[in-house]
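Asker: After the structure tokens below, expect a handful of questions from me.
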Amino acid sequence: TVMAAPVTNDQSWFFALALGVSFLKCLLINAYHSTDFEVHRNWLALTHSLPAAQWYYEATSEWTLDYPPLFAWFEYGLSHIARFFDKEMLVVQNLNYASPATILFQRLSVIVADVVFFYAVKECCKSLREDKGKDLLGKPSFILTVLLLWNFGLLIVDHIHFQYNGFLFGVLLLSIARHFQNRHFEGALLFSILLNLKHIYLYIAPAYGIYLLRCFCFTQSNDNIWSRYNYLKIWNLRRFIDKFYSSLFIKGQLPQVLSRLFPFKRGLCHAYWAPNIWALYNIADKAFSILGVKFKLLDINKLPKASMTGGLVQEFQHSVLPSVSPLATLVCTVLSILPALFRIWHRPNGARGFLRCLVICALGSFMFGWHVHEKAILMAILPLSLLAVESREDARIFLILSITGHYSLFPLLFTTQELPIKIFLMLLFTIFSLTSLKTLFRKGGALLNPLEATYLLGLIPLELICEFVYPLTVWQKTFPFLPLMLTSVYCALGVTYAFIRLYISLLTCSDSTKKIKTQ
Amino acid sequence: MENWSLFSLCVLLGLTSRWAVSFHSYSGAGKPPMFGDYEAQRHWQEVTYNLPVHEWYFNTTNNDLNYWGLDYPPLTAYHSLVCAYVAKLLNPEWVELHASRGYESHSHKLFMRATVLFTDILIYIPAVLLYCFYFCDGFSKQKVATALCILLYPGLILIDYGHFQYNSVSLGLALWGILGLGLGWDLFGSLAFTLALNYKQMELYHSLPFFCYLLGKCIKQGLIGRGFFQLAKISLTVLVTFALCWMPFLSDPKQPLQVLHRLFPFGRGLFEDKVANTWCSLNVLIKIKTLLSRETQLFLSFALTLLFILPSSLKLLSKPNLWQFKLALVNSSLAFFLFSFQVHEKSILLAAFMLPLLVKDGLLLPYVVTSLAFLFLSLYLLSHLTRTNEPLFWYFPFLVISVATFVWLEPPAKFPDLFPVLVSILSFLHFLGFIIYFNLVQLMEPQRKKSQKKTN
């Protein structure tokens with residue numbers, strides 16, 4: 001059906017969506033916030049009150065600075081605006097200070113910082129292959145905008161739980177968009193900035209490294225001078241970053257900074273297991289130990305007493321299967337992404353191939369990494385959205401990954417008050433993504449096969465059991481972590497499946513760099 | 001995208017906004033001894049659960065009518081009773097007779113908010129969806145846009161989920177009534193509306209159009225024969241519904257009288273607080289409240305209300321079709337609001353002009369956000385779907401400025417109530433303009449582009 005009015009203003013819908021989601025974020029100002037709120041308040045306080053040399057040594061609060069220096073400078077900048085809201089929040093000793101003005105300021109800072117994200121999404125939409133003549137709701141750029149701006153994970157992690165992921169992912173998406181637009185130097189610069197804002201993006205650094213080296217430093221074209229020039233540019237970039245670092249710190253600080261950034265003392269798994277391979281590993285270990293005791297293959301007294309299901313962030317031993325060390329996880333991670341990197345090196349496939357490799361790196365690190373947070377799944381979901389609106393197979397993988405990944409974020413908001421919000425928003429995003437992608441790719445049958453659909457539908461009874469039925473049973477007191485375990489194991493299946501499918505699609509896709517002329 | 005998915009997205013957006021608003025403060029939070037409407041609703045649960053029916057509306061040792069006595073019709077009382085049963089299951093302290101006065105806790109707030117959400121989902125939202133689906137003209141996208149605008153209407157959200165009330169029940173039931181009439185199910189429509197009336201007496205504002213429409217329809221079908229039969233069926237439905245609702249109160253003639261006395265407090269004055277109606281605005285110039293005697297005030301308000309309703313009702317009587325019906329609803333409710341006795345500002349449920357009330361409740365933030373969102377959204381959608389632009393957009397900055405002045409400027413010491421009064425008067429002038437405009441539209445029936453012949 002044709003809309004009653006002509007779409008006179010092509011960009012007004014973007015503005016409407018952005019404003020709409022901002023209004024929603026404003027309404028969530030008074031919602032529950034996690035300890036991350038205090039973390040950021042503490043960082044505001046210490047960057048404001050102390051000289052830079054002491055930022056990474058300060059330990060009055062338990063929430064020490066564990067993000068790279070550029071983020072610390074960002075907090076420093078924010079602290080100057082914070083002064084006008086409530087000076088008390090900038091006092092380091094005011095632990096857990098959360099006056100209404102503080103909450104308002106911090107929440108607003110996240111909402112305003114999201115402007116970077118909005119801009120990045122706009123740029124990404126420009127790189128899509130538009131289908132002219134479709135009505136607004138069926139346009140890939142519209143669908144992508146909603147999938148990104150109204151992303152469920154970002155909304156609940158940033159605007160309820162409290163973090164600055166929108167801003168950071170904005171920088172990432174902008175970098176990707178620049179690569180799509182062949183402005184590679186800017187893309188590389190943005191990524192370097194991103195790494196200095198949050199080091200978790202090291203997960204995807206290999207993809208960037210290989211892609212940039214392959215395509216711009218060692219190209220097969222005749223332009224050897226060109227490629228060497230690009231190589232120099234990127235090398236200069238790295239040197240610039242190093243100089244930036246050393247200008248901020250006395251040389252000796254680097255080990256301290258690094259020790260804060262990479263705290264390997266924490267265990268293999270977080271209190272709530274991220275839905276990755278190690279969750280499945282843990283459950284297999286538990287199952288084997290129970291079976292072993294039952295069939296008298298193992299002596300119950302010889303098994304280590306505490307186990308992963310205790311839920312504390314400490315290092316524990318596995319009972320039956322071999323224990324996993326940080327080095328082992330690193331090896332597994334590298335092994336998991338190596339095939340993708342090789343593939344990109346041999347058959348680059350342009351910016352889209354790079355993006356696919358990026359998602360695989362993010363997902364591989366999520367699957368095999370040490371002490372992974374479930375929030376890290378967003379690093380795979382958000383870039384995948386770009387691919388999802390352009391290819392059928394990617395849309396399918398996106399649906400499985402996003403629905404499962406978003407559901408795995410549910411335990412982050414455990415308060416009763418937020419329960420309706422997370423259910424409503426999850427349904428909102430899920431219904432939109434399912435129906436819009438289904439409509440976009442309606443030629444060629446159903447998007448999800450029956451098995452996948454059943455798996456996703458299984459999330460509904462899982463939610464009902466974990467959040468409604470289980471708390472009323474008697475096991476709630478004896479095995480309080482059982483629902484969390486169930487959730488993470490069930491989601492791990494979906495995430496693993498998506499990972500495998502994504503790999504298959506990367507390894508089997510034909511080389512279409514020659515076909516794609518337009519970007 | 002399919003219709004069902006678009007509609008469900010609208011519903012989910014509406015539900016999310018509602019619940020997000022409910023995070024904020026409620027009426028009378030932390031303000032002993034009287035607290036506010038929230039405490040009133042909790043108190044009614046306490047009263048209906050612990051006391052026998054014949055004591056609910058009476059001033060007894062156990063029931064102090066000065067502390068939020070019941071002043072809504074029986075259906076509200078029954079609703080409170082049901083909620084009280086649930087409350088008792090969850091935490092008996094919430095409805096303990098006398099001991100639970102002023103009870104405030106996080107879990108109790110969640111419970112109360114949940115009851116509002118529950119009835120909203122059960123009654124109001126399905127009615128809105130069906131209404132938009134069946135009775136909106138235009139393409140499916142326009143229907144969805146209308147549904148979104150109605151569901152995001154800040155007035156209802158803020159009053160129900162912020163201040164705390166159950167307007168969605170009575171409005172929802174009334175909407176079911178309208179739906180019934182529109183689909184030609186007159187009996188169902190009458191039943192639904194009678195229930196709405198028995199939930200909140202404020203629905204009297206809509207009663208005359210219902211009456212005139214149905215009467216006119218029956219007359220058209222011929223007073224001898226089908227029409228008469230239909231009229232009899234409708235009257236029977238209404239009477240039986242009333243009887244069922246009031247059954248516990250019919251045993252003793254004193255009961256219904258007392259209930260009516262509570263419902264229509266003619267003992268109070270012409271108006272309380274700042275309301276955007278004629279009397280309040282007039283009071284600024286001429287102190288009618290003190291000048292005229294109570295009887296004269298009653299007579300004046302009755303006369304003027306009647307005067308303003310009559311034209312539209314008579315027109316509806318003569319031409320009972322849906323379009324006339326809808327307009328008559330608007331005109332009738334406006335007339336009652338502007339001229340009747342003891343009107344509360346909530347009666348109008350129009351966002352921008354309830355600012356004073358909401359600021360008192362600590363609901364400034366959700367008010368600003370939802371109103372701005374609603375205004376922006378409705379103006380945006382309106383301009384895209386109907387190709388009208390200019391006249392509406394000047395409204396937006398105007399309202400923003402008026403809100404801003406109200407919040408940030410200090411009134412001069414001589415007139416501490418200056419801003420609320422100004423807002424009231426401004427709103428009153430708007431409503432006066434609306435009632436004149438809508439009356440003209442209804443009476444003169446200007447040519448419409450599409451003729452929508454909805455068969456009754």
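Asker: Work out the mean other chain Cβ neighbour count within 10 Å for the residues of A:413-420 and drop it here as an integer.
Answerer: The shielding value for this peptide is 4.
Asker: Taking a point 7 angstrom from the Cα of B:Glu104 along the C-beta vector, which residues in the stretch B:3-46 have backbone N less than 18 Å away?
Answerer: In the stretch B:3-46, the label zone of B:Glu104 (backbone N under 18 Å from the point 7 Å along Cα→Cβ) covers B:22-44.
Asker: Separate question: Given an 8 Å cut-off on Cα distances and at least 6 residues of separation, report the relative contact order of the stretch A:121-191 as a percent.
Answerer: Relative CO of the stretch A:121-191 lands at 30 percent.
Asker: Hey, another quick one. Could you report the buried accessible area between B and A, both sides summed, computed with a 1.4 Å probe and given in Å² to the nearest 100?
Answerer: Separately minus together, B and A give about 3300 Å² buried.
Asker: So, one more: Could you estimate the translational diffusion coefficient of the stretch A:436-496 from the Stokes-Einstein equation, with Rh from the Kirkwood formula over C-alpha pairs, at 4 °C and 1.567 mPa s, in whole µm²/s?
Answerer: 95 µm²/s
Asker: What is the calculated FRET efficiency for A:Phe15 to A:His80, with r their C-beta to C-beta distance and R₀ = 25 Å, to the nearest 0.05?
Answerer: In this case the efficiency is close to 0.30.
Asker: Looking at this model, which pairs from A:Lys25/A:Lys139; A:Lys139/A:Lys422; B:Lys220/B:Lys315 are more than 19 angstrom apart at the alpha-carbon?
Answerer: Violating the 19 Å Cα-Cα cut-off are A:Lys25/A:Lys139; A:Lys139/A:Lys422.
Asker: Could you work out the relative contact order of the stretch A:13-134, using alpha carbon pairs under 8 angstrom and six or more residues apart, expressed as a whole percent?
Answerer: Relative contact order for the stretch A:13-134 comes out at 29 percent.
Asker: A further question follows. Hey, what did the stretch A:172-215 get for relative contact order, percent, Cα under 8 Å, at least 6 apart?
Answerer: With pairs under 8 Å counted, the relative contact order is 28 percent.
Asker: What percentages, rounded to whole numbers, describe P(r) for the stretch A:340-427 computed over all alpha carbon pairs with 10 Å bin width beginning at zero?
Answerer: Taking every Cα pair in the stretch A:340-427, the percentages come to 16, 40, 30, 11, 3, 0.
Asker: Same structure, new question: Net charge near A:Leu399: determine it from the other residues with C-beta under 15 Å of the C-beta of A:Leu399, scoring Lys and Arg +1 and Asp and Glu -1.
Answerer: Taking every other residue near A:Leu399 into account, the sum is +1.
Asker: Pairs to check: B:Lys143/B:Lys200; A:Lys134/A:Lys443; A:Lys198/A:Lys375; A:Lys134/B:Lys141. Give those whose C-alpha atoms are more than 20 Å from each other in this structure.
Answerer: With Cα atoms farther than 20 Å apart: B:Lys143/B:Lys200.
Asker: Mean 1/r over all different Cα pairs, inverted: what Kirkwood radius does the stretch A:386-483 give, in Å?
Answerer: Averaging 1/r across every pair of different Cα atoms and inverting gives 15.0 Å.
Asker: Please express the Cα-Cα pair-distance distribution P(r) of the stretch A:41-177 as a list of whole percents, one per 5 Å bin, running from 0 to the bin with the greatest distance.
Answerer: 2, 10, 17, 18, 16, 12, 9, 6, 5, 3, 2, 1
Asker: Please give the peptides B:150-158, A:500-508 ranked by average Cβ packing (other Cβ atoms within 10 Å per residue), highest first, as a rough proxy for protection.
Answerer: B:150-158, A:500-508
Asker: Any idea how far apart B:Arg226 and A:Tyr57 come out in nm if each label point goes 7 Å out from Cα toward Cβ?
Answerer: 9.5 nm
Asker: Then there is this: Along the Cα→Cβ direction, 7 angstrom out, place labels at B:Tyr437 and A:Lys294. What is the inter-label distance in nm?
Answerer: With each label point 7 Å from Cα toward Cβ, the separation is 7.3 nm.
Asker: Using a Förster distance of 51 Å, how high is the FRET efficiency between A:Leu202 and A:Leu104, based on the Cβ-Cβ distance and rounded to 0.05?
Answerer: 0.90
Asker: 7 Å from Cα along Cα→Cβ at both A:Ser34 and B:Leu282: what's the point-to-point distance in nm?
Answerer: The modelled label-to-label distance comes out at 6.1 nm.
Asker: Moving on to the next point. Given a 1.4 Å probe, how much area per residue of the stretch B:291-345 is accessible, in Å²?
Answerer: Here the residues of the stretch B:291-345 average 42 Å² of exposed surface.
Asker: Oh, and also: Let me make sure I get this right: for the stretch A:390-441, a, b and c are the square roots of the gyration tensor eigenvalues over alpha carbons, sorted descending. Under 1.5 in a/c it's rounded, otherwise prolate if a/b > b/c, else oblate. Which is it?
Answerer: oblate
Asker: Can you bin every Cα-Cα distance in the stretch B:159-285 into 5 Å intervals starting at zero and give me the percent of pairs per bin, rounded to whole numbers?
Answerer: Per 5 Å bin, starting at zero, the Cα-Cα P(r) for the stretch B:159-285 comes out as 2, 9, 14, 17, 17, 15, 12, 8, 4, 2, 0 percent.
Asker: Carbon-plus-sulfur fraction of the accessible area of the stretch B:162-301, 1.4 Å probe, in percent?
Answerer: Looking at the stretch B:162-301 in its full context, I get 74 percent from C and S.
Asker: Keeping the other protein chains in place, figure out the carbon and sulfur percent of the accessible area of the stretch A:132-177, with a 1.4 Å probe.
Answerer: Accessible surface attributable to carbon and sulfur in the stretch A:132-177 totals 65 percent.
Asker: Follow-up question, since we're still on this one. Using packing as a proxy for protection, rank A:444-456, A:108-120 so that the peptide with the highest average count of other Cβ atoms within 10 Å comes first.
Answerer: A:108-120, A:444-456
Asker: What whole-number value in Å² describes the accessible area per residue of the stretch A:326-455 for a 1.4 Å probe?
Answerer: For the stretch A:326-455, the per-residue accessible area is 30 Å².
Asker: What FRET efficiency do you get for B:Leu97 and B:Ala243 if R0 is 35 Å and r is their Cβ-Cβ distance, rounded to the nearest 0.05?
Answerer: Calculated transfer efficiency: 0.70.
Asker: At 0.36 nm per residue, and after removing the present C-alpha to C-alpha distance, how many nm does the segment from B:Leu306 to B:Leu89 gain when stretched out fully?
Answerer: The span from B:Leu306 to B:Leu89 would gain 73.3 nm if fully extended.
The values are calculated or read from the model by the stated rules, or taken from the named source; none is laboratory data. Model, not experiment: these values are computed from the prediction. Neighbour counts run over all protein chains shown; Cβ positions are idealised from the backbone, glycine included. When the accessible area is computed, the model is the full protein with side chains, heavy atoms only, and any ligands, DNA or RNA have been set aside. Shrake-Rupley method; radii C 1.70, N 1.55, O 1.52, S 1.80 Å.
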